[in-house]
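Heads up: the structure comes next, in structure tokens.
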Amino acid sequence: MEHEAEAIGAASVGSLSSGAHFPVQSGEPCANCGEVVPDRFCTTCGQLASDFHRPFWELIAGSLGDMFALDGRLFRSLPMLMFRPGRITRSYLDGERARYVPPFRMFLLASVVFFLTVFTLGDEFGWFDGWRFDPNPTGGFSLDAPDSDKKAALDELNAQLDQANIDPETRAIIADSVADKVEALPFAEMLQPDGKIDRVRLRTFVEDRMEAAADPAAIEAAYRAADRTATVYENQDRFGARLRQWAPRFSVLFLPVFSLLLTLLYAWHRRIYVFDHLIAGLHFQTFLYVLGTMLLLAAAAVPQGVDLLVVGGFLAIIVYLYRMLRVTYGSGRILAAVRTSILLIFGMILLAVLAIGLVVLSFMLT
């Protein structure tokens, strides 16, 4: 996926150029269809009327220059997109399109730059390393056995259960207390030197926790669930690889869902079409990519200010979305605020679902 994204990005950048590095002569027949070319491009077939029979190094230099000599549309479009929410969308929908980069092309370019930044900085600073539960942690989450205090309490409760002179009701209360204090899966006790979970001990643990009257099918189902959890624990390193592979693809799903939400929120506006919502969605997600890229670069430069950057970025998204709805659709203040809240809530739910999907995908594709 990274190579595909790089190719798409390169094509997007190249197509922003005017092609001035390949000189042509007007009035000559088109080499493709034979029609006379009045200017730079053939009006019949659209081919660029340029002669590529030149020295190799001149051809390479011209190609590179054409790729990176961006015309004024990008420098006109990007500041308007970032600092005047909704204005470029409204202008595009009103027919002012020649002055700006096409929305989908700018979306592709911004997404490629964003994910290249994520993965490059992630590799450089180790952001994707160490995403594991530690069986012997110094802090954070723990899958370890109960601590000393819990162990002492469990020993005391088990000693009470061993007494033969307690009534059944008291025994049941003590047994419930024991169940509340026991960890679900003490992986640290089952962890082997190679990082694998001892499945024999795991099955024994599951069988000991099941009720005496449990049927074999229930025991087997409980063991399969515990075995899947153990498999996830053993293969936590896969998440980083799956994230690199699937995150760009999953992020594309945000666009149609966001556009669909806009369609539902403005369903009774007959003069607003799905195409309009799609353009708004493209511009909004492009803004998110550009903002995310700037925040990542700032976080890499000033690691101590990550919390402030996260808060600032979230506030910027809220303000931008509110202003975008006001300018693009002409929504009133109250309705724009309500729709902004709905979009943010469903957007965060969608991102959570995509994140869970990435986790599941990381461990299901074994």
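The values are calculated or read from the model by the stated rules, or taken from the named source; none is laboratory data. Because the structure is a prediction, the values reported are computed rather than measured. Cβ coordinates were reconstructed from backbone atoms using ideal geometry, including for glycine residues, and neighbour counts include every protein chain displayed.
In the range 258-278, the count of residues that are buried (at least 16 other Cβ atoms within 10 Å of the Cβ) and among the charged types (D, E, K, R) is one or more. Of all residues assigned to the range 275-298, at least one qualifies as being free of Cβ contacts under 8 Å to residues at least 24 places away in the same chain, out of contact with any His (no Cβ under 7 Å at 6 or more places or on another chain), closer than 28 Å to ARG105 by Cβ and of a type outside the set (A, V, I, L, M). Suppose the filter is in a helix (DSSP H, G or I), more than 30 Å from ARG84 (Cβ to Cβ), assigned by TED's automatic domain parsing to the domain that holds PHE346 and at pLDDT 75 or above; does ARG249 pass it? It is true that ARG249 is in a helix (DSSP H, G or I), more than 30 Å from ARG84 (Cβ to Cβ), assigned by TED's automatic domain parsing to the domain that holds PHE346 and at pLDDT 75 or above. For the range 267-274, the condition holds for no residue, the condition being that it is in contact with a Pro (Cβ under 6 Å, 6 or more places away or on another chain) and assigned to a helix (DSSP H, G or I). Looking at THR44, THR89, which is the one that is within 30 Å of the chain's Cα centre (by Cα) and either of a type in the set (Val, Ile, Thr) or modelled with pLDDT under 85 (or both)? Unique residue meeting the criteria: THR89. The single condition among (1) at pLDDT 85 or above; (2) surrounded by 17 or more Cβ atoms within 10 Å (Cβ to Cβ); (3) in a helix (DSSP H, G or I) that VAL101 does not meet is (3). Here PRO29, PRO55, PRO38 are screened, and the one residue that is farther than 25 Å from PHE287 by Cα, in contact with a Ser or Thr (Cβ under 7 Å, 6 or more places away or on another chain) and either modelled with pLDDT under 70 or not charged (D, E, K, R) (or both) is PRO38. Taken over the range 281-308, the criterion of being surrounded by fewer than 17 Cβ atoms within 10 Å (Cβ to Cβ) and either outside any helix (DSSP H, G or I) or under 20 Å from the mean Cα position of the chain (by Cα) (or both) is satisfied by MET294, LEU297, ALA298, ALA300, VAL302, VAL306, ASP307.
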